[in-house]
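Asks: Got a structure here, written out as structure tokens. Questions coming.
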Amino acid sequence: MPSIIQVDKIANYTDQDVRIQGWVYNRTDKGKLVFLLIRDGSGFVQCVAFKGDLDETTFDKIMRLPKESSVIITGKVRADKRAPGIPGGFEVGIKEIEILQEANEDYPMSLKEHGVDFALDNRHLWLRMPSQWAVLRIRATVISAMREWLDNNGFINMDTPILTPAACEGTTTLFETPYFDEGMAYLAQSGQLYNEADIFAFGKVYSFGPTFRAEKSKTRRHLTEFWMVEPEIAFCDLDQLMEIEEQFITHIVKRVLRDRQPELKSLGRDLSKLEQIEAPFPRISYDQATEMLGQIRSEVTDLEKKELLQFEWGMDFGAPHETELTGKFVKPVFVYGYPTKVKAFYMEPWPGRPEVCKSVDLLAPEGYGEIIGGSERMSNHDLLLQRIHEHNLPEESFKWYLDLRKYGSVPHSGFGIGLERTVSWICGIEHIREAIAFPRTIKRVYP
Ligand code: 4AD
Ligand code: MG
């Protein structure tokens, strides 16, 4: 019996007999010919049933086969440039078909795009559509590339707790849960503080896990549960951090371009935009960004947009500001040196300018905006304690964190990259909810 193959490797089997196990994504009839578009998890391929090649009952069955039926097809692979599919360019002439289940006829997802709520209510089925499948295949490659780069560059993977006693990124977005006799525990907003402990044992570490934000914001960039990779590095300042980030991003984009071309093309992604992503990336200070925004705003004639772009020194950037700023660059751009008061408590002050901190965000081009947040961390014990008080954080919960500044404190830096925001940018998709299999937003915990 011919061996089972994966559709993404079909080019290796031209003119050979193979078996493909999968599902009927679509069926079209043309008299003596029936075309089944079969998806097997690794790709989509056209399989053709020719009446003359098959006995009557088999051909009839194929002609009536409902969408999503599960099948094992035996047939011969032919190269044909016109054949649809992902990667496409090949078709299988059906010799035999084993039907595992004839799917119910009332499959709710049609081939055209649905309304958002309908699609999200049926997320468990929507995942089968080529667009969603392509995005999530790319996501897996992004994860693999992230780990690959870190593992090959001396970083040790350390996992950080999800249940934590205190906030990392501000107290307004905490999910809390009762924790036995210990009072409240909080779902981790970030693994950073624990990574900081880990570097004093391991030098360079990264965590990769789910993080949680009870964000009030209902935007196309916010999830309440998202995945974050957080590298942390001892003996590292802000400039060195930016070098690490740009190498890391360049590697990820190159890996996706190498391994996921069919998926990117099926999404209609403009590859030339991704091919330009190469270190070094431009760096501008928050002060310069503020000036640029002033300039951009002065050139805008639309009054509504002018209002939206209202900005003064001391404010945090909103989505419209990031979109305008990144519109000026083809590569991701670093914005460093934000006002201390818009950033988290743990950031090192700028030397001689305490109102500014050694933070850096990386904003992705094409309007995608912030994908990375990072900083040099405060290394002085007393100043850190003062900040903890200023931010009304419970000192007892941070005792261990303060210890790190007592026993061999060193300049150190780190960053967090939002996986779903990165995947959205690389795929060129509108909304972050498509970059995770089962999105969690303020309005949705189902399915
Ligand atoms: O900028 P953030 O809040 O930084 C931190 O959490 C740091 N402790 C990271 C660190 O230095 N180790 O979040 C980092 C990134 C953002 O740039 C964004 O990509 C993503 O996490 N992110 C979100 N993604 C989806 N939905 C949300 N609600 C997000 N909030 C942050
Ligand atoms: Mg941020």
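The values are calculated or read from the model by the stated rules, or taken from the named source; none is laboratory data. Worth saying up front: this structure is predicted, and the values here are computed from it rather than measured. Here the Cβ positions follow ideal geometry from the backbone for every residue, glycine too, while neighbour counts run over all protein chains shown.
Asks: In segment 342-432, which helices (runs of 4 or more DSSP H) lie fully inside it and hold 3 or more residues that are surrounded by fewer than 21 Cβ atoms within 10 Å (Cβ to Cβ) and over 26 Å from the mean Cα position of the chain (by Cα)?
Replies: Filter on segment 342-432 gives 381-390, 399-403.
Asks: Considering only residues that are assigned to a helix (DSSP H, G or I) and within 18 Å of residue 361 (Cβ to Cβ), which ones fall in segment 276-295?
Replies: 286, 287, 288, 289, 290, 291, 292, 293 - these are the residues of segment 276-295 that are assigned to a helix (DSSP H, G or I) and within 18 Å of residue 361 (Cβ to Cβ).
Asks: Just one of the numbered conditions (1) within 19 Å of the chain's Cα centre (by Cα); (2) surrounded by fewer than 18 Cβ atoms within 10 Å (Cβ to Cβ); (3) of a type in the set (A, V, I, L, M, F, W, C) is not true of residue 118; which one?
Replies: Condition not satisfied by residue 118: (1).
Asks: So, of the residues in segment 368-382 that are aliphatic (A, V, I, L, M) and within 10 Å of ligand 1 (Cβ to nearest atom), which turns out to be farthest from residue 402 (Cα to Cα)?
Replies: This residue is 371.
Asks: Would you mind telling me which numbered condition in (1) within 22 Å of residue 378 (Cα to Cα); (2) within 16 Å of ligand 2 (Cβ to nearest atom); (3) surrounded by fewer than 19 Cβ atoms within 10 Å (Cβ to Cβ) residue 203 fails?
Replies: Among (1) within 22 Å of residue 378 (Cα to Cα); (2) within 16 Å of ligand 2 (Cβ to nearest atom); (3) surrounded by fewer than 19 Cβ atoms within 10 Å (Cβ to Cβ), the lone unmet condition for residue 203 is (2).
Asks: Let me ask you something else. Name the pairs whose Cβ atoms lie under 7 Å apart, with the first residue in segment 209-221 and more than 13 Å from residue 421 (Cα to Cα) and of a type in the set (Lys, Arg), the second surrounded by 13 or more Cβ atoms within 10 Å (Cβ to Cβ) and at pLDDT 95 or above, and 6 or more positions between them or separate chains?
Replies: Pairs that qualify, where the first residue is more than 13 Å from residue 421 (Cα to Cα) and of a type in the set (Lys, Arg) and the partner is surrounded by 13 or more Cβ atoms within 10 Å (Cβ to Cβ) and at pLDDT 95 or above, are 213/189; 213/224.
Asks: Looking only at strands (runs of 3 or more DSSP E) that fall completely inside segment 4-65, which ones have 2 or more residues that are among the aromatic types (Phe, Trp, Tyr) and touching a residue at least 24 places away in the same chain (Cβ under 8 Å)?
Replies: Once the strands (runs of 3 or more DSSP E) in segment 4-65 are filtered for at least 2 residues that are among the aromatic types (Phe, Trp, Tyr) and touching a residue at least 24 places away in the same chain (Cβ under 8 Å), what remains is 17-30, 44-50.
Asks: Also: Restricting segment 150-165 to residues that are surrounded by fewer than 19 Cβ atoms within 10 Å (Cβ to Cβ) and of a type in the set (A, V, I, L, M), which is farthest from ligand 2 (Cβ to nearest atom)?
Replies: 156
Asks: Those residues that are in contact (Cβ under 8 Å) with a residue 40 or more places away in the chain, surrounded by fewer than 19 Cβ atoms within 10 Å (Cβ to Cβ) and outside any strand (DSSP E or B), I need them from segment 69-88; list them, please.
Replies: Residue satisfying the conditions is 84 alone.
Asks: Only one residue in 298, 272, 285, 266 is touching a Phe, Trp or Tyr at 6+ places or on another chain (Cβ under 8 Å) and of a type in the set (Gly, Ala, Ser), so which one is that?
Replies: 285
Asks: Does at least one position in segment 426-445 carry a residue that is within 16 Å of ligand 2 (Cβ to nearest atom) and either touching a residue at least 40 places away in the same chain (Cβ under 8 Å) or assigned by TED's automatic domain parsing to the domain that holds residue 225 (or both)?
Replies: yes
Asks: Out of all the residues in segment 318-347, which are within 12 Å of ligand 1 (Cβ to nearest atom) and either of a type in the set (Asp, Glu) or free of Cβ contacts under 8 Å to residues at least 60 places away in the same chain (or both)?
Replies: Across segment 318-347, the qualifying residues are 322, 335, 338, 342, 343, 345, 347.
Asks: Checking the condition closer than 21 Å to residue 265 by Cβ and assigned by TED's automatic domain parsing to the domain that holds residue 7, which residue from 37, 65 passes?
Replies: Testing whether each residue is closer than 21 Å to residue 265 by Cβ and assigned by TED's automatic domain parsing to the domain that holds residue 7 leaves just 37.
Asks: Give segment 147-186 a look and list any residue that's within 16 Å of ligand 1 (Cβ to nearest atom) and touching a His at 6+ places or on another chain (Cβ under 9 Å), or say none.
Replies: Scanning segment 147-186 gives 167, 170, 171.
Asks: Scan segment 206-228 residue by residue and report those that are closer than 29 Å to residue 240 by Cα, within 16 Å of ligand 2 (Cβ to nearest atom) and hydroxyl-bearing (Ser, Thr, Tyr).
Replies: If the condition is that a residue be closer than 29 Å to residue 240 by Cα, within 16 Å of ligand 2 (Cβ to nearest atom) and hydroxyl-bearing (Ser, Thr, Tyr), then 211 is the only one that fits.
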